[in-house]
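A.B. asks: Quick one: the structure is below, questions incoming.
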């Protein structure tokens, strides 16, 4: 009996293997620049299906890699069974308790749409199509992280399938070690079928994007340093050098503020002194519209990324970023961190001492090597101002989980992996033993 037929005998969800119609599309990751070889794809019908699959894999000596949406894929999947959890799409919001429960297939856009009418928010990033589960298992750097910390810190409970196929509910009381590891340690310790997490008050939100021609980039960066140097935790500001294909280069400021628009405008006033602004979308907005600020693509596409954490935004760092046009990169982005992200946290994600994150992105096409070379050159020029650590969800193919954790946290995660999954039945995008 083939593996496809064996899987179909124990599962109710869809099973696809090589050569079958729809297999190539089903195994495709979000980043189309990544080739993802797998032995089979399983689209689980529900959590019981997930448990049945993991039991089968455990007994057969096979490996399961879980990807709710395909974000963060590395291509390190040769021979695995790829588990898709999009059908685990139940979502419940309890506004009185300020708690949400999201199945493994739920995206942040759905959470925000459900929470927004109650003046509540989760802790999403910039894209509404990223899954709550994958993002949170990697820590989750949110627009509101400066105020509330990593998304993983908000988790109350995980519903999981362990490496033997047993289902469990994991909380700080029921299994403190695994609870710690799942909050930011990646997808290597268990298959998460649902997450229960706290929502935060957001009765007022102000945000949007300001755009100038690239010639204003130095002045905008000066204002950015001034603003972020004194920003309250409720304010998050990103600086972005942009080079869209066939268009003139631009510089952007993206901002959110948890509070009154007038207060936000006062905090951002240094930017109003810069002439030549092309557009300004800042306005009060519901948390459901958070994704409109950066308007990232909502369909899969190819990309090459690299991230670094910066120890500061000195004149030397500014000079390296502005020395020449960013082409062939599409974006060179600075994200202001600090606030609650810098405070101690009893999670695997820990905290970030570095005040800024640098994110470099390009579309490979015929320029894959040129994109990587430009990213490498920028990173090399900033070596004196980077630490080598990277946020887990910013890791790129070829990097390792070790880059995302402190040595102490990494050792603890590796001990958890060896103890909970000695056979290696489960594999995250970035294995902690890799």
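A.B. asks: Answer yes or no as to whether residue 285 is outside the structural domain of residue 119 (by TED's automatic domain parsing) and crowded, with 20+ Cβ neighbours inside 10 Å.
C.D. replies: no
A.B. asks: Please go through (1) surrounded by fewer than 23 Cβ atoms within 10 Å (Cβ to Cβ); (2) farther than 30 Å from residue 334 by Cα; (3) touching a residue at least 24 places away in the same chain (Cβ under 8 Å) for residue 59 and return the number of the only condition it doesn't satisfy.
C.D. replies: (3)
A.B. asks: Continuing with this model, one more query. Take the residues in region 226-236 that are touching a helix residue (DSSP H, G or I) at 6+ places or on another chain (Cβ under 9 Å) and buried (at least 19 other Cβ atoms within 10 Å of the Cβ), then tell me which one is farthest from residue 314 (Cα to Cα).
C.D. replies: If we take residues in region 226-236 being touching a helix residue (DSSP H, G or I) at 6+ places or on another chain (Cβ under 9 Å) and buried (at least 19 other Cβ atoms within 10 Å of the Cβ), then 234 is farthest from residue 314 (Cα to Cα).
A.B. asks: Just checking, which of 382, 413, 360, 395 is within 20 Å of residue 426 (Cα to Cα), modelled with pLDDT of 95 or more and in contact with a strand residue (DSSP E or B) (Cβ under 9 Å, 6 or more places away or on another chain)?
C.D. replies: 395
A.B. asks: Going by the conditions given, is residue 76 touching a residue at least 40 places away in the same chain (Cβ under 8 Å), surrounded by fewer than 20 Cβ atoms within 10 Å (Cβ to Cβ) and either touching a helix residue (DSSP H, G or I) at 6+ places or on another chain (Cβ under 9 Å) or within 24 Å of residue 300 (Cα to Cα) (or both)?
C.D. replies: yes
A.B. asks: With (1) over 23 Å from the mean Cα position of the chain (by Cα); (2) at pLDDT below 95; (3) within 23 Å of residue 163 (Cβ to Cβ) as the list, and residue 424 as the residue in question, which single condition is left unmet?
C.D. replies: So residue 424 meets the others, but not (2).
A.B. asks: Among the residues of region 182-193, is any in contact (Cβ under 8 Å) with a residue 60 or more places away in the chain and over 30 Å from residue 85 (Cα atoms)?
C.D. replies: No; the residues of region 182-193 include none that is in contact (Cβ under 8 Å) with a residue 60 or more places away in the chain and over 30 Å from residue 85 (Cα atoms).
The values are calculated or read from the model by the stated rules, or taken from the named source; none is laboratory data. These numbers come from a predicted model, not from an experiment. All Cβ positions, glycine included, derive from the backbone under ideal geometry; neighbour counts span all protein chains shown.
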